[in-house]
1. Pull up segment 31-45, narrow it to residues that are part of a helix (DSSP H, G or I) and farther than 17 Å from Ala9 by Cβ, then point me to the one that is most open to solvent (accessible area, probe 1.4 Å).
2. Do you know which residues across segment 1-30 are part of a helix (DSSP H, G or I) and open to solvent by 100 Å² or more (accessible area, probe 1.4 Å)?
3. Just to be sure I understand the filter: pairs with C-beta atoms under 9 Å, separated by 6 or more residues or on different chains, first member in segment 26-45 and β-branched (Val, Ile, Thr), second member outside any helix (DSSP H, G or I). Which pairs pass?
Amino acid sequence: MPIKTKEEALEKLSNLDPKVLIRMADLSDNKKAIKYFKCPLKYAVVKGYLNK
């Protein structure tokens, strides 16, 4: 089921390994990484690659 709200996203993230969560938070300072999350096309490419 897709995540649709910020609350759902935070709940899902709270279950991650702390090391993974820290690395994801670290990416939030990276402008290039943020572009991949903001652009639907770039996000789809990354998501498709990771789902292989």
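The values are calculated or read from the model by the stated rules, or taken from the named source; none is laboratory data. Source: prediction; values computed, not measured. Here Cβ is always computed from backbone atoms with ideal geometry, including for glycine, and neighbour counts include all displayed protein chains. Ligands, DNA and RNA are stripped out before the accessible areas are found, and what is left, the full protein with its side chains, is counted by its heavy atoms. Shrake-Rupley method; radii C 1.70, N 1.55, O 1.52, S 1.80 Å.
1. Among those residues, the one meeting the criterion is Lys31.
2. Scanning segment 1-30 gives Lys6, Glu7, Glu11, Lys12, Lys19, Ile22, Arg23, Asp26.
3. Ile34/Ser28
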